Amino acid sequence: MRIRHTLPVLATAAALALGAAAAGAAQAAPVARPEAAVQAVQAVPSVPAFAGHTYVLTLDNGAVLRNSYSADGTTLTWKALEGPMAGHSGQERLSVRAVGEGLYFVNWVEASGMTVSHVMDLRSRTVSVYWTYATPDGGRTGELHTATLQRVAS
C-alpha cells in the first residue's frame, strides 16, 4: 500500500487557507503554494530514522513487542514477548512515509491477513497503533492502541 504525496499537500493547503480566512478579509495573509509542501515532503530522507534499530514497544493492552528494523527501513522482524500474542513472531515488508520530523506512518499486512498501522513519534518515543484482523464469524474488527517506544539496540 502506498500513501500519495497529495494528502500532506491537501492538509497543508487547507490549514493555510483556514489560517488566512481567520486573519480576516481586511488583512488576508498570503497562502503558500502547495508546490512548497510537495518539495518539503520530497526532501525527507528515503531511509527512516528508525532503520537499523531495535525497539521494545509496550502497548496499553499489556502486549510487549520487540521490533527490529532492517538497515534500509523496508523490513521489520518482530517478536511478541508478553501479552496475548506472546511467542509469535514474523518478518514483514513495510510501507513507510515520513509525515513530520521524527514522525513516521508505518504499515504492513501479515500473512494471516492482519493489517497493522503505526504512527511512530521518535521524539516523544510513542506509537499510535491500529490493527485489523478476521473474526471467527468471517467479519473483521479493528483495535486502536497506544504504546511507548524504547530503543534497545542499534
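The values are calculated or read from the model by the stated rules, or taken from the named source; none is laboratory data. Fair warning: this is a prediction, and the values are worked out from it, not measured in the lab. Glycine also receives a Cβ, built like all others from the backbone with ideal geometry; neighbour counts cover every protein chain displayed. For the accessible areas, the whole protein counts, side chains as well, though only heavy atoms, and no ligand, DNA or RNA atoms are used. Shrake-Rupley method; radii C 1.70, N 1.55, O 1.52, S 1.80 Å.
Observations, loosely collected:
- Ser68 versus Thr141: modelled label distance in nm, points set 7 Å from Cα along the beta carbon direction: 3.3 nm
- Probe 1.4 Å - accessible area at Val109, Å² to nearest ten: 90 Å²
- Rounded to the nearest 10 square angstrom, Ser68 shows an accessible area of 40 square angstrom against a 1.4 Å probe.
- Shown here for the stretch 96-154: trypsin sites (Lys or Arg not before Pro) in loop regions (DSSP other than H, G, I, E, B) with at most 15 other Cβ atoms within 10 Å, namely Arg123, Arg125.
- Among the GluC sites (Glu not before Pro) within the stretch 56-124, those in coil by DSSP and having at most 12 neighbouring Cβ atoms inside 10 Å are Glu101.
- Calculated FRET efficiency, Ala111 to Ser154, Cβ-Cβ distance, R0 = 22 Å: about 0.20 to the nearest 0.05.
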